[in-house]
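Have a look at the structure below, then the notes.
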Amino acid sequence: MNNPKKIIIHHSATADGLMLKDFDSIRNYHINVNKWRDIGYHWVIESVNNQYKIIKGRDEKDNGAHCIGQNTQSIGICVVGNFNETEPLEAQLQVLVRLIKDIYSRYGELPVYRHKDFYNTSCPGDKFSIQKVKDMLKEKSEHWAKKHLDSLVSKGIINSPELWEDFDENLSSKTVGALLALVDKASKG
């Protein structure tokens, strides 16, 4: 049983074939060559039809097979590409950050590491900047429930929107955001 306490980033060390075959190839290699029961990563990010996709590998509750000594306490993410040769594209990093924020919603803000922080490897590549990813994670994004608050204000149901201006403090709870969404949907009927 996996008990995630960190996120570990990897690269495939191969060029992105720009189709779903990359995930299938990685999975087949892990199963048929390494003799693992499934792909070693929990998530894979790759380009499919020229759009970056997040593809589910192992369930997050299952131990990974991506970093010796860390597989029972981490979530492994593989970004398809060889970042010893090229830097990841901004679009790849944006999808990676979106996935990490999604993981945060389930486990809290787990620290993010590179594979090479735990093992003698260059993975996720010498041209992959973990600091850039960490900086992107710190950038403030609009709270998911803000659209519901705005809707309730426009309907006159909430008349003190200034009480909710600091969404980080007031709407960090999923319960408060869910309540706003529920009231907004109920008021549409």
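Modelled label positions at N84 and E139, each set 7 Å beyond Cα in the direction of Cβ, lie 3.0 nm from each other.
Quick check for me: using +1 on Lys/Arg Cβ and -1 on Asp/Glu Cβ, what's the dipole size of segment 33-73 about its Cα centre, in debye to the nearest 20?
For this selection, approximately 80 debye.
In plain terms, the C-alpha convex hull of segment 15-84 casts an average shadow of 4.8 nm² when viewed from every direction. Converting phi to 3J(HN,Hα) with the Karplus coefficients 6.51, -1.76 and 1.60 and the offset θ = phi - 60°, segment 78-92 yields 10, 9, 6, x, 10, 8, 7, 9, 9, 6, x, 6, 4, 4, 5 Hz in sequence order, with x at every glycine or proline.
Once neighbouring chains are kept in place and the probe is 1.4 Å, which whole percent of the accessible area of segment 1-140 is contributed by carbon and sulfur? Whole-percent figure for carbon plus sulfur exposure: 48.
For the pair Q94 and A15, a Förster radius of 25 Å applied to the C-beta separation gives a FRET efficiency near 0.80, rounded to the nearest 0.05.
Would you please give the FRET efficiency between N34 and K185, computed as 1/(1 + (r/R0)^6) with r the Cβ-Cβ distance and R0 = 45 Å, to the nearest 0.05? Using R0 = 45 Å, I get an efficiency of 0.40.
The values are calculated or read from the model by the stated rules, or taken from the named source; none is laboratory data. Source: prediction; values computed, not measured. FYI the Cβ positions are ideal-geometry reconstructions off the backbone, even for glycines, and counts take in every protein chain you see. Heads up: the accessible areas ignore ligands, DNA and RNA and are worked out on the full protein's heavy atoms, side chains in. Shrake-Rupley method; radii C 1.70, N 1.55, O 1.52, S 1.80 Å.
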